[in-house]
Amino acid sequence: MKAAVVVFPGSNCDEDCFHALRDVAGAEVRYFWHKEKNLPKCDLLVLPGGFSYGDYLRTGAIARFAPAMEAVARHAREGRPVIGICNGFQILLEAGLLPGAMLRNQSLSFICDHVFLRTETAKSPFTNRLEKGRVLGLPIAHGEGNYFCSPDTLRRLQDEDRIAFRYSSTDGRLGDEFNPNGSVDHIAGILNEGRNVLGLMPHPERAGESVLGSEDGKKIWESLMA
Amino acid sequence: MFKAKINVTLKESVLDPQGKTILNALGTLGINGVKDVRVGKYFVLNLDTSNRAQAEEHVRKICDKLLVNPVIEKYELISLEGEGR
């Protein structure tokens, strides 16, 4: 598999993603600088976490206009997988490649923690090595991960099986006490209509090796490699 | 030249955690009688045009394209002052 990690000024999980893809997943990886326009054909695009453009205006609002984003949109339109992690998820929302928007965490605090998510669908290139209901332990680190969308959009996400992950207890129960940021319907990750674009707040790239405390993130890379 | 002043706030239907926190802080300070607090952003744009209609159209386009995320926010053009028609 050939993968590219998009790098914006202020990205800070780009090297982690690069490492996870090359050393954990065994993919061929390159960086794709935000000013580049021509993306050599690749199978997977990763929008990493960080604070692109200092989070000015709104998280992801400026990154959306980067020249590289045209290549990202084209790649997505062609049906090839794009994964946006944390700030990458925020950028995909601002770019309109996923529906909804991010609000400040309900607590107003930046949360750096280890959380649990329940896999809600195995029907995507990112989750085909998981089964519905499977709980993953992954780290989160964000100030604006409080996912919001209109009631109509939420109904569509539910009806079309496009909620990929929900925050849960270790044994897969849902509840406000397991929802770190106040996200609507405990949403941690969603898919686009074509199911080839995934945005999620937790960091699978930081949980792919036992030395990091969890290998659960590997499942997402394994699904993509399958 | 026209000067546009714009307020961007979260829509009424969107919970404003910052506003809520400020409201709670007011209560803690013993300042009562405030029913609700909403927090927003304030923008001042200096526009290089002498045509009022053009200036307003420009401002609305800027708001729709960049300053406002219509999923969660709304804006109000509070004033548009300047020399011109």
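Values quoted throughout were computed directly from the atomic coordinates according to the rules given, and no laboratory measurement underlies them. Computed from a predicted model, the values in this text were never measured in an experiment. Quick reminder, even Gly has a Cβ in these numbers, built from the backbone with ideal geometry, and neighbours come from all protein chains shown.
How large, in Å, is chain A by the Kirkwood hydrodynamic radius built from its alpha-carbon pairs?
17.0
Per q in 0.23 Å⁻¹, report the Debye log10 I(q)/I(0) for segment A:161-226, using one uniform scatterer on each alpha carbon and no solvent.
-1.13
Using Cα-Cα distances under 8 Å and only pairs 6 or more residues apart, what relative contact order does segment A:2-225 have, in percent?
Contact order relative to length: 20 percent.
Separation between the A:Asp43 and A:Asp23 pseudo-spin-labels, each 7 Å from Cα along Cα→Cβ, expressed in nm?
2.2
For chain A, modelled as a GNM with alpha-carbon contacts under 10 angstrom, which of A:Cys86, A:Cys17, A:Cys42 fluctuates the most?
Its mean-square fluctuation being the largest, the pick is A:Cys42.
Between A:His114 and A:Tyr31, what is 0.36 nm times their sequence separation minus the Cα-Cα distance? Round to one decimal in nm.
Once the chain is fully extended between A:His114 and A:Tyr31, it gains 27.1 nm.
Which percentage, to the nearest 5, of the DSSP beta bridges contained in chain A is antiparallel?
For chain A, the DSSP antiparallel bridge percentage is about 60.
Using only Cα atoms, locate the centre of segment A:137-152 and the centre of segment A:4-55, then give the distance between them in Å, rounded to an integer.
Here the answer is 21 Å between Cα centres.
Find the percent of Cα-Cα distances in chain B that exceed 23 Å, and round it to a whole number.
Roughly 38 percent, once rounded to a whole number.
Could you list A:Lys219, B:Lys74 in order of exposure, starting from the residue whose Cβ has the fewest other Cβ atoms within 10 Å?
Fewest-to-most ranking of A:Lys219, B:Lys74: B:Lys74, A:Lys219.
In degrees from 0 to 90, rounded to the nearest 10, what is the angle of the helix B:17-28 Cα long axis to the longest principal axis of chain B?
The helix B:17-28 is inclined about 50 degrees to chain B.
Could you give the dipole magnitude of segment A:100-168 about its Cα centre, charging the beta-carbon of Lys and Arg +1 and that of Asp and Glu -1, in debye to the nearest 20?
Roughly 160 debye, rounded to the nearest 20.
Rounding to the nearest 20 debye, state how big the charge dipole of the protein assembly as shown is about its Cα centre with +1 on each Lys and Arg Cβ and -1 on each Asp and Glu Cβ.
580
Among A:Ala101, A:His34, A:Ser214, which residue has its Cα furthest toward the positive end of the charge dipole of chain A, with +1 on Lys/Arg Cβ and -1 on Asp/Glu Cβ?
Value computed over the given set: A:His34.
What is the order of A:Leu47, A:Leu174, A:Leu191, fewest Cβ neighbours within 10 Å to most?
A:Leu174, A:Leu191, A:Leu47
About its Cα centre, how strong a charge dipole does chain B have in debye, to the nearest 20, once Lys and Arg get +1 and Asp and Glu get -1 at the Cβ?
80
Counting other beta carbons within 10 Å of each residue's own, what order do A:Met102, A:Met225 fall into, fewest first?
With the fewest neighbours first, A:Met102, A:Met225 line up as A:Met225, A:Met102.
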